[in-house]
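Report on the following structure.
The values are calculated or read from the model by the stated rules, or taken from the named source; none is laboratory data. Just so it is clear, the structure is predicted and the values come from calculations on it, not from any experiment. Ideal geometry is used to build each Cβ from the backbone, glycine not excepted, and the neighbour counts take in all protein chains shown.
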Amino acid sequence: MTEIEPSPIPEAPGSIPIDWGATLAEHDHRLRIAVSSRLGERQAVEEVMQEVALAAVAQHAPLAESGKVGAWLRQIAIRQCLLYRRRRGRQFKLLDRFVRRGGGVTAERAAPDPLHWLIDIERDQNVRNALAGLPSRDVELLLLKYTEDWSYRQLAEHLGIAESALETRLHRARQRLRESLASRVDGKEGSA
C-alpha cells in the first residue's frame, strides 16, 4: 500500500504568502484596542481575538497588497465583534426567558464602593462613561491617538483613509467627547 501525500493548497495568482503567526503578533495590540473599544468586556477580547486569528488563517480570498493586511485584519476584527455581540444577545434573551419563567434566582445587587474609593475613581469613571456614549469608531480613534500616541500617518494607514479625513474624524471625536463630558458635569451640578 502506498502512502499518498496531501496536496498543498494552491495559491491564487497574485497572492502573497503570509506568515500569519508573525502578522497577527505584529497587529495584535491594535486589534485588541479595536475589539475592546467595541465590546467593553475584557473576557470577550480573548475570545474574539481567537476568532479573528481563525478567520484570518482560513481566509480564501488572496491578498494582493501586503501593506493592507492591517486594515484587512481590522475589518475582520470588527466583523467578529459584531458576531460576538449577536451571540451574546441571543444568550441573554435565552437567560432572560429562563429567569422570567421562574427558573433562576436573580442576583442581588453588589454593595456600592466605599466613599474613599469613589473619590479616587470619579474622574476616571466620568471619562469612561463619556467614552461609552461615543460611537465605537470614535473610541478606537481616541484610544489609539491618546493612549498609544499614534501619529496621524499611523492612524490613517490603520483605518485605510487619507490623513485629511483622519484629522476631520479625530476633531469630531474630540468634540463629541468634550460635549459628552460637559453634559455629564452639567447634569450632576443640576441635580446637586
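When you go through GLU65, GLU47, GLU41 one by one, which is the residue that is at pLDDT 85 or above and not assigned by TED's automatic domain parsing to the domain that holds GLN154?
On the way: GLU65 fails: at pLDDT 85 or above; GLU41 fails: at pLDDT 85 or above.
That would be GLU47, the only listed residue that is at pLDDT 85 or above and not assigned by TED's automatic domain parsing to the domain that holds GLN154.
Please go through the stretch 128-162 and pick out each residue that is acidic (Asp, Glu), more than 15 Å from LEU31 (Cβ to Cβ) and assigned to a helix (DSSP H, G or I).
Step one: of the stretch 128-162, the residues acidic (Asp, Glu) are 138, 140, 148-149, 157.
When the remaining residues are screened for being more than 15 Å from LEU31 (Cβ to Cβ), the result is 138, 149.
Passing the criteria: only ASP138.
If you check GLN91 against the conditions, is it at pLDDT 80 or above and loosely packed, with under 14 Cβ neighbours inside 10 Å?
Values: at pLDDT 80 or above: yes; loosely packed, with under 14 Cβ neighbours inside 10 Å: yes.
Spelling it out, GLN91 is indeed at pLDDT 80 or above and loosely packed, with under 14 Cβ neighbours inside 10 Å.
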